[in-house]
Amino acid sequence: MLALAGFLALSFAAALGGALFPPDEDYARLVRPSFAPPGWLFGPVWTLLYVMMAVAAWRVWSKTGAWSAPLRAWYLQLTLNAAWTPLFFGLGWRGVALLEMAVLWALILATALRFRPHSGLAFGLMLPYLAWVSFAWVLNGAFWWLNR
């Protein structure tokens, strides 16, 4: 259970960007896409996704160890996950954030596929994250397009 707590801590550390770079007045002035969900939805969705990501990593860790190729992919995608918020909100680099998220999406897919041989559950737990980042990528693109 200590390892699970560690993976939870790592996952939620990636979320710290949201606390350090929250939406500000600049973001409030942006033209919002018509399909943008309400702001209150992001916290609960990301909380659930971070828990699922941590459980997935923990399941794979129990079979492969902490520095296996699947977990190195997980650490890398988590790093990119953490980098998106400062790019989009902190620096206002919405185009760069869009490109970064495309790389993140590919890494999430690669991670899920690397998890699959070790744990079908871990693979499945990564799929909602992939789906949400797919939606977030379209949303990021719409913000960039409408506000360029």
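Every condition in (1) without any contact (Cβ under 8 Å) to a residue 12 or more places away in the chain; (2) out of contact with any Phe, Trp or Tyr (no Cβ under 8 Å at 6 or more places or on another chain); (3) part of a helix (DSSP H, G or I) holds for W67 except the one numbered (3). Evaluating W40 against the criteria (1) surrounded by 11 or more Cβ atoms within 10 Å (Cβ to Cβ); (2) of a type outside the set (S, T, N, Q); (3) farther than 30 Å from L71 by Cα leaves one unmet condition, (1).
Results for (1) surrounded by 21 or more Cβ atoms within 10 Å (Cβ to Cβ); (2) farther than 18 Å from L49 by Cα; (3) of a type in the set (S, T, N, Q), shown as yes or no for each residue.
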residue: F88; (1), (2), (3): yes, yes, no
residue: W93; (1), (2), (3): no, yes, no
residue: G120; (1), (2), (3): no, no, no
residue: L125; (1), (2), (3): yes, no, no
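Do we find that T79 is surrounded by 17 or more Cβ atoms within 10 Å (Cβ to Cβ), in a helix (DSSP H, G or I), of a type in the set (S, T, Y) and in contact with a helix residue (DSSP H, G or I) (Cβ under 9 Å, 6 or more places away or on another chain) in this structure? Taking the combined requirement at face value, the residue does not satisfy it.
For the range 52-69, does any single residue satisfy the condition of being surrounded by 15 or more Cβ atoms within 10 Å (Cβ to Cβ) and among the charged types (D, E, K, R)? The answer is yes; a qualifying residue exists.
Computed from the coordinates by the stated procedures, all read-outs in this text should not be read as laboratory data. It should be emphasised that the depicted structure is a prediction, and the values quoted were computed from it without experimental measurement. Note that we place each Cβ from the backbone using ideal geometry, even for glycine, and neighbour counts take in every protein chain shown.
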